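Everything below concerns the one structure shown next.
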Amino acid sequence: MNVGIRYAKALFELAEQHGTIDRFMQELSEIRELFSGNEELGGIFYNRLIDRTRKIKVLSDVYDRLYLSKEVKNLLVLLIDGGREKSLGDVVAAYEQMSYDYKGLVKAEVYSAYDITPEEMDALKAKIKALFNREPVLSVNRDSSVIGGIKLKVGWTVYDGTIRTNLMGFMGSIKV
């Protein structure tokens, strides 16, 4: 079992017992964004050359300012103690997936060259719900490499309905 999944599972079980699934998800997302968006803090957290006690001391100010729960603080300390700081992204992704599974949701990412209308969004949600028997949580991304159509990513599966892919398939089928 992946290290990130083990940590996420332990935290998720605590969240389930205390009814704090959404709160922990929000805290984990804030931490991930903070460390990826702030070079200095991310550098401290991810740098293996910085002493454990120094890391925890510097980061304790961050924890207090974000009003993190003791469970999420403890998770970060455990990652530091085990030298597994780089697993934070895996922990967050695994926890998010567990949260979606628990709620009967499915995460879907849509890539399109244009803005998707509300009617198209509703139709897309209906198709995804029919395919997966779960309520979709969509994130829409503009992608300039998409000429037309859309690309949909659900889990590890990519549904590519872009014009580019269709043209490449057509070109491959007429090669002699």
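Quick note: the coordinates plus some simple rules give every number you see, no bench work behind them. The model shown is predicted, which means the values in this text are computed figures rather than measured ones. Cβ sites come from the backbone with ideal geometry, for glycine too, and all protein chains shown count toward neighbours.
Note down the nm distance, to one decimal, between modelled labels 7 Å out along Cα→Cβ at Asn133 and at Glu119.
The answer from the label model is 3.2 nm.
Which one, Gly83, Tyr63, Tyr102, is farthest towards the positive end of the dipole of the chain when Lys and Arg carry +1 and Asp and Glu -1 on their Cβ?
After comparing all options, I get Gly83.
As I understand it, the dipole of the chain uses +1 on the Cβ of Lys and Arg and -1 on the Cβ of Asp and Glu, about the Cα centre. Which of Val72, Ala123, Thr20 lies farthest toward its positive end?
The listed residue farthest towards the positive side: Val72.
To the nearest 500 deg cm²/dmol, what mean residue ellipticity at 222 nm is calculated for the chain from DSSP H runs of n ≥ 4 alone, each contributing -39,500 (n - 2.57), summed and divided by the residues?
-20500 deg cm²/dmol
How many percent of DSSP beta bridges within the chain run antiparallel, rounded to 5?
55 percent
Only Lys, Arg, Asp and Glu count, each charged at its Cβ (+1, +1, -1, -1), so figure out the dipole size of region 3-100 about its Cα centre, rounded to 20 debye.
So the magnitude is around 380 debye.
What is the magnitude of the charge dipole of the chain about its Cα centre, with +1 placed on the Cβ of each Lys and Arg, -1 on the Cβ of each Asp and Glu, and no other charges, expressed in debye to the nearest 20?
520 debye
Taking the square root of 5 times each eigenvalue of the Cα gyration tensor, what semi-axes in Å does the equivalent ellipsoid of region 3-100 have, largest first?
After scaling each eigenvalue by five and taking roots: 21, 14, 12 Å.
Rank these for me by crowding, Arg52, Arg32, Arg65, going from fewest to most other beta carbons within 10 Å.
Fewest-to-most Cβ neighbours within 10 Å comes out as Arg65, Arg52, Arg32.
Output wanted: per-residue J couplings in Hz (rounded whole) for region 6-19, from phi through Karplus 6.51 cos²θ - 1.76 cosθ + 1.60, θ = phi - 60°, x for Gly and Pro.
For region 6-19, the Karplus curve yields 4, 5, 4, 5, 4, 5, 5, 4, 5, 4, 5, 5, 9, x Hz.
Where Lys and Arg each count +1 and Asp and Glu each count -1, what net charge lies around Asp90 among other residues with Cβ under 14 Å from its Cβ?
Computed value for this residue: +3.
Would you order Val62, Val158, Val77 from fewest to most other beta-carbon atoms within 10 Å of each residue's own beta-carbon?
Result, fewest neighbours first: Val158, Val77, Val62.
Hey, rough spin-label estimate for Lys153 and Val140, points 7 angstrom out along Cα→Cβ, what's it come to in nanometres?
Going from the Lys153 label point to the Val140 one covers 1.8 nm.
If you consider only alpha-carbon coordinates, what radius of gyration and Dmax does the chain have, in Å?
20.3, 67
Relative to the longest principal axis of the chain, what angle (0 to 90°, nearest 10) does the C-alpha long axis of helix 52-66 take?
Helix 52-66 sits roughly 70 degrees off the main axis of the chain.
Can you put Val58, Val106 in order, fewest other beta carbons within 10 Å first?
Final ranking by Cβ density, sparse to dense: Val58, Val106.
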